[in-house]
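Following: one structure in structure tokens, then a few remarks.
The values are calculated or read from the model by the stated rules, or taken from the named source; none is laboratory data. Everything numeric here is computed off the predicted structure, so don't read it as measured data. Here the Cβ is made from the backbone with ideal geometry for all residues, glycine too, and neighbour counts use every protein chain on show. The area values use the complete protein model at the heavy-atom level, side chains included, leaving out ligands, DNA and RNA. Shrake-Rupley method; radii C 1.70, N 1.55, O 1.52, S 1.80 Å.
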Amino acid sequence: MQIKPFITLVGAGPGDPDLITLKGIKAIREADVILYDALVNEELLSYAKPSCALIYVGKRAERISTSQDYINKLLVDYALTHGHVVRLKGGDPFVFGRGGEEIDYVRQFDIPTAVIPGISSSLGLTGLQQIPLTYRGISESFWVITGSTSDGRLSDDLQSAVHTRATVVVLMGYAKLAQIVDFYQQHGKGQLPIALIQNGSLPNERIALGRIDNILEEAERNLVGVPAIIVLGDVVAKHQAFENIKKELQSLTV
């Protein structure tokens, strides 16, 4: 039988396996090979057919991981030798998922491709916590920014975002939390509400709420670590627990 190479990039969502799309599940069921990331919930692999090859290609900061160049090569090699390859990625493939880079590489070999979007953690985890990214009269836009550039620096976009009322969601930036806090304090934003969400949507989820000036202490108190997203902006104060924090502080001053 002639092999028909095809590659589908599938967004697995922020962690909870119920948050993948139906179209994503259909692609998993049809796949001959699945290359999956570290942040993909492995329960999703149960949808794969018995003959499907499951290949782990996870990447994690400060750990031994699979290089992007090697993943690109695997995509093409498996498509040519096995047929339909699903690249299963946490969140959405095109939101800091390097999906664009993978598509660019695959197109050089004239292999047909498709993309099935997923729920990015920047949207899904804030929504699950009932933190609105936009809110009339409070925030007219939101920025999704990487916490660290390829050369290890804070993104220059933070320097622009800090001067706006926009909600800022920082992905892959928890290791630079102290640096981000210092940056916002230097710009007079010490009282800005901030949230940290670790393992969002999963049973072991942890969250810390506070303001720039005390979030490092709150993170330590709530044992928050990686992987976590950072949400900065006045909309964080819409979180129900944040309202309780304000009430507790008010009662102490009465």
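Annotations for the structure displayed:
- Calculated from backbone phi, Karplus (6.51, -1.76, 1.60) coupling profile of the range 86-93 in Hz, x at Gly/Pro: 9, 9, 9, 10, x, x, 10, x
- Whole-Hz couplings from phi, Karplus 6.51/-1.76/1.60, listed for the range 214-229; x for Gly and Pro: 10, 5, 5, 5, 5, 5, 5, 5, 9, 6, 7, x, 8, x, 8, 9
- Taking the 1.4 Å solvent-accessible surface of the chain as the whole, the part contributed by carbon and sulfur is 52%.
- The tail of the calculated P(r) for the chain, taken as Cα-Cα distances beyond 33 Å, holds 27 percent of the pairs.
- Considering only trypsin sites (Lys or Arg not before Pro) in DSSP loops that have at most 13 other Cβ atoms within 10 Å, the longest stretch of the chain without any of them is 166-254.
- The calculated FRET efficiency for the pair PHE109 and ILE25, based on their C-beta separation and a Förster distance of 25 Å, comes to about 0.40.
- Three-way shape call for the range 152-254 based on the alpha-carbon gyration tensor, with the a/c threshold at 1.5: oblate
- For the range 1-96, the square roots a ≥ b ≥ c of the C-alpha gyration tensor eigenvalues yield an a/c of 1.5 or more together with a/b not exceeding b/c, which makes the shape oblate.
- Rounded FRET efficiency, nearest 0.05, which uses the C-beta distance separating SER141 from ILE3 and R0 of 41 Å: 0.35
- Nearest 10 degrees, 0 to 90: helix 68-82 Cα axis against the chain principal axis: 30
- For TRP143, the residues 5 or more places off, or on other chains, whose built amide H falls under 5 Å of its own are THR167, VAL168, VAL169.
- Where both bridge residues fall in the range 6-116, DSSP classifies roughly 5% of the beta bridges as antiparallel.
- Prolate/oblate/rounded call for the range 99-221, Cα gyration tensor, a/c under 1.5 rounded: prolate
- Inter-part distance where the range 15-80 and the range 117-164 are each reduced to a Cα centre, Å: 26
- Simple spin-label estimate for ALA53 and GLU217 gives 5.5 nm between the two label positions (7 Å along the Cα-to-Cβ direction from each Cα).
- Think of a 1.4 Å ball rolled over the protein heavy atoms: the chain then has 53 Å² of accessible area per residue.
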